[in-house]
Amino acid sequence: MNAPETHRIAERFSTHEVDNQAPLLAPYDAWRTDLPLREAIAREGGGWAEREIAAYGVIAGGELMQLGYTANENKPKFKPFDRYGNRIDEVEFHPAYHRIMQLGVAHGVSNFAWRHADQPGAHVARMAISYLHNQADQGSSCPLTMTYACVPALRHQPSLAQAWLPRVIANAYDQRFIPPDQKTGVTIGMGMTEKQGGSDVRSNSTRAYPVGGRGPGELYELVGHKWFFSAPMCDAFLVLAQTEAGVSCFLLPRFDESGSRNAIRIQRLKDKLGDWSNASSEVEFQGATARMLGEEGRGIATILEMVALTRQDCMIGSASLMRQALVQAIHHARHRKAFGKLLVEQPLMQNVLADLALESEAHAVLTARVSRAVDASARDGKNSASEAAFARIATAVGKYWVCKRAPAFVNEAQECLGGAGYVEETNLPRLYRQAPLNSIWEGSGNIQCLDVLRALTREPASRDAFFAELNTAKGGHPALDAEVVRLQAELAADNADRGTLESRSRFLVERMALSLQAAILVRAGDRRVADTFCESRLGGGHGQVFGTLGVGAPLTYLIDRAFA
Ligand SMILES: Cc1cc2nc3c(=O)[nH]c(=O)nc-3n(C[C@H](O)[C@H](O)[C@H](O)COP(=O)(O)OP(=O)(O)OC[C@H]3O[C@@H](n4cnc5c(N)ncnc54)[C@H](O)[C@@H]3O)c2cc1C
């Protein structure tokens with residue numbers, strides 16, 4: 001080879017210098033950099049757990065972030081048979097998923113609130129831990145959420161609670177597929193949705209046949225199916241099935257009481273849009289044994305105690321993934337230049353980022369406030385009746401609105417990264433695939449709106465608690481004051497006009513959510529945040545998309561406040 005040829009080859013391998021690209025964000029401290037979250041957690045009574053939360057913030061922005069990529073690149077695999085043809089009905093997860101679960105359980109995503117049940121604010125602190133976890137991986141949050149949420153329902157049956165709760169709230173993740181009494185910790189799932197109906201669970205066709213005695217705590221055989229059955233490697237599931245007295249709730253373990261595999265047949269795994277680190281399955285029960293949980297025929301009321309908490313977690317999940325998308329967008333804009341200036345210095349990009357930051361903060365503060373209400377009602381139901389009533393309505397309002405906002409939000413954040421935001425090497429495509437899930441799962445949008453209407457029209461305590469919360473911010477901003485008056489008048493008028501209420505309820509719930517977020521921000525006391533929110537979301541000064549804050553909005557303040 002002569003000299004000129006060598007030179008040409010060398011040139012081919014060094015065509016350009018990589019320039020004007022943002023450095024990798026991770027590892028970063030997901031708690032310390034999040035002032036709105038830190039303020040919200042302190043305000044709502046979870047500040048005493050700062051040490052534990054802060055420790056997880058470092059992990060969530062570091063090891064967990066990397067594990068999230070790996071676990072989602074390696075989807076779980078269904079193993080119906082072992083190598084000898086024996087039916088095993090197992091799902092194999094990548095080691096990264098198990099490590100995520102281990103970290104999540106050890107740091108309290110599923111159990112912090114119950115391990116610190118005597119301390120006010122434990123559910124608020126746990127909200128922060130879950131919010132941090134979700135930013136790195138959302139799929140694992142499904143079993144972690146269900147394990148957290150099963151506790152109040154499980155307590156309906158003291159014998160079952162005694163046997164299961166210590167392992168449900170243990171801070172040990174035990175991935176072995178063995179009978180639960182041999183494990184250090186267990187995870188719990190739920191099975192309600194069937195082919196013929198998910199929202200309308202009264203249509204469940206799965207039947208339960210008593211093995212001996214009938215009623216709470218007794219053993220039954222279940223025959224039927226579930227159309228969505230997520231995290232099928234959980235150790236037990238709360239499921240609904242029909243008895244002579246109607247829909248009843250059961251605790252269905254993967255191993256029966258003799259220690260054999262229970263007759264739960266996994267038919268296939270769902271081929272899902274997103275949520276790839278987690279498996280969701282279709283199952284059949286072929287005489288699987290389960291114990292009745294709570295009163296016969298009152299299964300929906302029993303499982304709703306679990307659903308109330310999983311709905312709260314849908315809010316946490318969606319608020320959290322929006323937060324992560326925001327962080328990626330701000331980070332990118334702080335390092336990427338176009339037309340001679342950093343993106344974060346361009347006025348129009350500032351408007352987009354500030355608007356996203358404002359939106360994200362509103363979701364975080366609402367979620368933290370709802371978590372405080374959940375906390376008060378879980379701790380001291382009788383003495384905190386108004387908080388319980390508030391939790392009841394605010395969870396439905398928040399689940400509707402926070403989850404609905406996620407897809408458009410993540411898409412806008414993707415756009416801030418330009419083409420890079422559409423490529424799997426960033427986590428934006430994964431966040432985008434995940435974004436619609438929480439609005440569908442655990443009661444889709446319309447179901448939440450109908451639930452709000454039910455609370456407004458049939459539960460005066462919930463309606464009163466909702467408006468009492470809005471009134472705590474009275475005088476804080478004229479646009480909020482005017483909107484509260486309008487809402488009150490409309491709902492009073494609706495007493496005479498129930499006919500159209502249902503079809504109008506989406507817009508009504510949207511306005512309730514925005515007013516609630518505004519009231520919480522007003523009370524939080526940062527005038528620039530609260531005023532900008534009220535003016536843009538309630539004062540008519542905002543367009544249909546992000547990046548439409550009005551003239552004079554404190555754009556750089558909002559961006560800097562959002563991500564230190
Ligand atoms: C990834 C994933 C995981 C899941 N995991 C589980 C799980 O582990 N366990 C489980 O039990 N379920 C699970 N689900 C199921 C989920 O909870 C249901 O899909 C959801 O509740 C909706 O039920 P459906 O699919 O039967 O839709 P439908 O009930 O048929 O509803 C379809 C649409 O109609 C609307 N609708 C229903 N009734 C009304 C009404 N009266 N007025 C106006 N609109 C109405 C709904 O809001 C929805 O938009 C999972 C779903 C997904 C996507």
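Worth a mention:
- Sites matching GluC sites (Glu not before Pro) across the stretch 384-478 that sit in DSSP coil, with at most 11 neighbouring C-beta atoms within 10 Å: 424, 425
- Net +/- balance of residues flanking residue 286 in space, Cβ distance below 15 Å, scoring K and R +1, D and E -1: +1
- Under a model in which nothing but the beta-carbon of Lys, Arg (+1) and Asp, Glu (-1) is charged, the chain shows a dipole of about 320 debye around its Cα centre.
- Coil-residue trypsin sites (Lys or Arg not before Pro) of the stretch 71-114, DSSP, other Cβ within 10 Å capped at 10: 83
- Axial C-alpha extent at least 30 Å, average Kyte-Doolittle at least 0.0 - helices from the chain (DSSP): 299-335, 347-379, 385-416, 501-524
- Residue 363 accessible area, 1.4 Å probe, all protein chains in place, Å² to nearest 10: 0
- Straight-distance candidates among the lysines for linking to residue 77, with alpha-carbon spacing under 21 Å and chain neighbours fewer than 8 residues away dropped: 226, 270, 272.
- Around residue 228: net Lys/Arg minus Asp/Glu count, Cβ-Cβ under 15 Å: -2
- Rounded, prolate or oblate (a/c below 1.5 giving rounded, otherwise prolate when a/b exceeds b/c) for the stretch 180-296 by Cα gyration tensor: oblate
- Per-residue Karplus couplings for the stretch 215-232, computed as 6.51 cos²θ - 1.76 cosθ + 1.60 with θ equal to phi - 60°, are listed in order as x, x, x, 7, 8, 10, 10, 9, 10, x, 8, 9, 8, 10, 8, 7, 6, x Hz, Gly and Pro entered as x.
- Relative contact order computed over the chain (Cα-Cα under 8 Å; 6+ residues apart), in percent: 14
- This model, with +1 at the C-beta of Lys and Arg and -1 at the C-beta of Asp and Glu, gives the stretch 180-296 a dipole about its Cα centre of some 320 debye.
- Across 32, 265, the residue with the most accessible area heads the list, and the full order at a 1.4 Å probe is 32, 265.
- Three-way shape call for the stretch 58-167 based on the alpha-carbon gyration tensor, with the a/c threshold at 1.5: oblate
- Solvent accessible area, Å² - residue 481, 1.4 Å probe, full protein context: 50
- Working note: 222 nm ellipticity from helices only, DSSP H runs with n ≥ 4, each -39,500 (n - 2.57), summed and divided by the residues of the chain, gives -17000 deg cm²/dmol to the nearest 500.
- Cα-based shape type of the chain, given that a ≥ b ≥ c are square roots of the gyration tensor eigenvalues and the cut on a/c is 1.5: oblate
- A dipole drawn for the chain from +1 and -1 charges on Cβ atoms has a positive end, and of 35, 285, 519 the residue lying farthest that way is 285.
- Computed on the stretch 86-164, with alpha-carbon pairs under 8 angstrom and 6+ residues apart, the relative contact order is 28 percent.
- Ranking by accessible area, most exposed first, for 89, 497, 526 with a 1.4 Å probe: 497, 526, 89
- Remark on residue 188: its backbone amide H falls under 5 Å from those of 147, 235, a criterion applied only to residues 5 or more positions apart or on other chains, H modelled at 1.01 Å from N.
- Note on exposure: 440, 188 ranked by accessible area (1.4 Å probe, complete protein assembly) read 440, 188, with the most exposed listed first.
- Within the stretch 151-211, the trypsin sites (Lys or Arg not before Pro) that combine a DSSP coil assignment with at most 10 other C-beta atoms in a 10 angstrom radius are 176.
- The mean accessible area for residues of the chain, using a 1.4 Å probe and ignoring ligands and nucleic acids, is 41 Å² per residue.
The values are calculated or read from the model by the stated rules, or taken from the named source; none is laboratory data. In this text the structure is predicted, and so the values were computed from the model without any measurement. Methodologically, a virtual Cβ is constructed for each residue, glycine included, from the backbone with ideal geometry; neighbour enumeration extends over all protein chains shown. Just so you know, the surface numbers come from the protein's heavy atoms only, side chains and all, with ligands and any DNA or RNA stripped out. Shrake-Rupley method; radii C 1.70, N 1.55, O 1.52, S 1.80 Å.
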